[in-house]
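> The structure is given below, and queries will be raised subsequently.
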Amino acid sequence: PSIDNGSWSLEGNQVYGEYELTTSNNLDNFSISMRVRIANESERHDSIVSSSKSSGKIGSWQIGMTGSTAIKFSSQQLNGSISSDDLLLSKNSWHHIVLTKSNSNEIKIYTNNSLSETLQLNDWSIEWLRVGTNRNTANFWEGNIDDIRIYDYVLSTENINTLYQIFK
């Protein structure tokens, strides 16, 4: 990877970051905020962030590309997988993405300061936080990732707006 004006520039070439989480991290309620820029070369399945080292892990999840300009949240559940709608984003522009998870397993996804999707999950797991790859380490992000923040609480809409305004 390279540094492009302070952001992590990834070229889809098997470079990613990961952090192992433990129960002491207390992520029953949590939020992750990040800014991303989709490169022209981005393709279906390129992944921004994921939660496990295996796509078969019940409760594992990821946010990744579903087409040339759409992203999607998906999670492996006991009774199959659940996914958000495609969330359209333009290439070569910065976008602010926030995922919040409450202790009732309600997932909210915000794109560019707007609530884009609310999902209710039965199963949830976050053993690893992987940035720039999917759960299988098979699809890698092409573009930039910047200002990744993890919170041990659910961000309010006011918190999300404040973060969005910082880099607008």
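> By its C-alpha gyration tensor, with a ≥ b ≥ c as the square roots of the eigenvalues, how is region 53-98 shaped: rounded for a/c under 1.5, else prolate for a/b larger than b/c, else oblate?
Working: a/c = 2.83, a/b = 2.35, b/c = 1.20.
Prolate, since a/c reaches 1.5 and a/b exceeds b/c.
> In square angstrom, rounded to the nearest 10, how much accessible surface does Arg35 have for a 1.4 Å probe?
The value for Arg35 is about 30 Å².
> Sticking with the crude label model, points 7 Å out along Cα→Cβ, report the distance from Asn92 to Ser104 in nm, one decimal please.
My value for the distance between the label points is 4.4 nm.
> With a 1.4 Å probe and all protein chains kept in place, how do Ile148, Ile63 rank by accessible area, largest first? List each step's numbers first, then the result.
Working: Ile148 65, Ile63 5 Å².
Correct descending sequence by accessible area is Ile148, Ile63.
> Excluding same-chain residues fewer than 8 positions from Lys91, which lysines have a Cα within less than 30 Å of its Cα?
Once the sequence-local lysines are set aside, what remains near Lys91 is Lys53, Lys72, Lys101, Lys108, Lys168.
> Carbon and sulfur together cover what percent of the accessible area of region 35-76 at a 1.4 Å probe radius? Provide the component values of the computation, followed by the final result.
Values: 550 of 1420 Å².
After summing per-atom areas, the C and S share lands at 39 percent.
> Right, something else. So how much accessible area does Asp28 have, in Å² to the nearest 10, using a 1.4 Å probe?
It works out to around 90 Å².
> Over the chain, calculate the relative contact order: mean separation of alpha carbon pairs under 8 Å at least 6 apart, over the residue count, as a percent. Walk me through the intermediate numbers first.
Numbers: 420 pairs, mean separation 60.5, N = 168.
Taking the mean separation of contacting Cα pairs over the length of the chain, I get 36 percent.
> By accessible area of protein heavy atoms, probe 1.4 Å, what ranking do Trp94, Trp128 get, highest first?
On the way: Trp94 95, Trp128 50 Å².
Sorted by accessible area, descending: Trp94, Trp128.
> Same structure again: With log10 I(q)/I(0) by the Debye sum over Cα atoms at q = 0.09, 0.17, 0.19 Å⁻¹ defined as stated, name the option among (1) -0.29, -0.96, -1.14; (2) -0.43, -1.06, -1.19; (3) -0.26, -1.02, -1.31 computed from the structure displayed.
The value matching this structure is (3).
> Another question, then. I'd like to check one number: the per residue accessible area of the chain, probe 1.4 Å, reported in Å² as a whole number. Don't skip to the answer; put the middle values down first.
Details: 7970 Å² over 168 residues.
Heavy-atom accessible area per residue stands at 47 Å².
> Using the alpha-carbon centroid of each, what span in Å lies between region 58-92 and region 97-168?
12
The values are calculated or read from the model by the stated rules, or taken from the named source; none is laboratory data. From a predicted model like this one, the values you see are computed outputs, not experimental measurements. In this analysis, Cβ positions are derived from the backbone assuming ideal geometry, glycine residues included, and neighbour counts consider all displayed protein chains. Quick note on the areas: whole protein, heavy atoms, side chains included, nothing else; ligands and nucleic acids left out. Shrake-Rupley method; radii C 1.70, N 1.55, O 1.52, S 1.80 Å.
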